[in-house]
1. Pick from region 11-24 the residues that are more than 19 Å from ARG80 (Cβ to Cβ) and of a type outside the set (D, E, K, R): which of them is farthest from the chain's Cα centre (by Cα)?
2. Does VAL25 satisfy the criteria of being surrounded by 16 or more Cβ atoms within 10 Å (Cβ to Cβ), within 21 Å of ASP106 (Cα to Cα), touching a residue at least 24 places away in the same chain (Cβ under 8 Å) and in contact with a Phe, Trp or Tyr (Cβ under 7 Å, 6 or more places away or on another chain)?
3. Out of all the residues in region 28-48, which are touching a residue at least 60 places away in the same chain (Cβ under 8 Å) and either of a type in the set (Lys, Arg) or at positive phi (or both)?
4. Does LEU138 satisfy the condition of being under 18 Å from the mean Cα position of the chain (by Cα), closer than 30 Å to ARG42 by Cβ, at pLDDT 85 or above and assigned to a helix (DSSP H, G or I)?
5. Collect the residues in region 68-85 that are surrounded by fewer than 18 Cβ atoms within 10 Å (Cβ to Cβ) and not hydrophobic (A, V, I, L, M, F, W, C), keeping them in residue-number order.
6. Could you give every pair whose Cβ atoms fall below 8 Å, whose first residue belongs to region 54-68 and is of a type in the set (D, E, K, R), and whose second residue is in a loop (DSSP other than H, G, I, E, B), counting only separations of at least 6 or pairs across chains?
7. Filter the helices (runs of 4 or more DSSP H) completely within region 22-127 down to those with at least 1 residues that are among the charged types (D, E, K, R) and touching a Pro at 6+ places or on another chain (Cβ under 7 Å).
8. If you go through region 73-130 one residue at a time, how many are aromatic (Phe, Trp, Tyr) and in contact with a His (Cβ under 7 Å, 6 or more places away or on another chain)?
Amino acid sequence: MTDGFEPVAYAGVDWATEKHDVCVVDRSGRVLGERAFAADARGLAAMADWIVARGGASPEEIAVSIEVPHGPVVETLLERGFAMHSLNPKQLDRFRDRFTVAGAKDDRRDARVLADSLRTDRRAYRRLERDDPVVIELRECATRRTTGRACRGIADRLLNVAMAMLKTRTLYDAGKIGQRGARAAA
């Protein structure tokens, strides 16, 4: 890849609702460890620590791959400083053929495929960055259909932004501010 980042180790995470299977490989593709972790806060913390220990480097020096580009696993590992990458599930299916022609789903094998394909084909992955905390909060409210103070707070902030944008557009349309003023007001 052209970003100049050369990881010391690569990890693949096959996430699920009950457990997350993880595989860590070195630069040559040698498996450094495979393990499953509970899909809860304690399991995520243990997983992050284990990846660092197995990878033998700081989180910033370890590239991690996963199918989904969001969620608690991604947010936890991004917060810890790992270089996160996501892959389309159809691409994972194609990379899986390198390891076996059997079509059966195997979480442990998928974790290894994710780690190794990130090592060999990083250009097929999309690098993930941390989302703004408000976006994370909004996504959690939307996916959990949560009601309460947190979601009302987000709704209030979004309403304030929408009202400010509407006011700016009205002033711009009326000729009371120019483009420079509209950008400053926004």
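1. Among those residues, the one meeting the criterion is THR17.
2. Here the answer is yes, as VAL25 does meet what is asked.
3. Within region 28-48, GLY29 is the sole residue that qualifies.
4. no
5. Scanning region 68-85 gives PRO69, HIS70, GLY71, PRO72, THR76, GLU79, GLY81.
6. Sorted first by the residue in region 54-68, then by its partner, the pairs are GLU60/GLY81; GLU60/PHE82; GLU61/PRO7; GLU61/VAL8; GLU67/TRP15; GLU67/LEU87; GLU67/ASN88.
7. 72-80
8. Residues meeting the conditions: 1.
The values are calculated or read from the model by the stated rules, or taken from the named source; none is laboratory data. Computed from a prediction, not measured in an experiment: that's the story for all the values here. Every residue, glycine among them, receives a Cβ derived from its backbone with ideal geometry; neighbour counts consider all protein chains shown.
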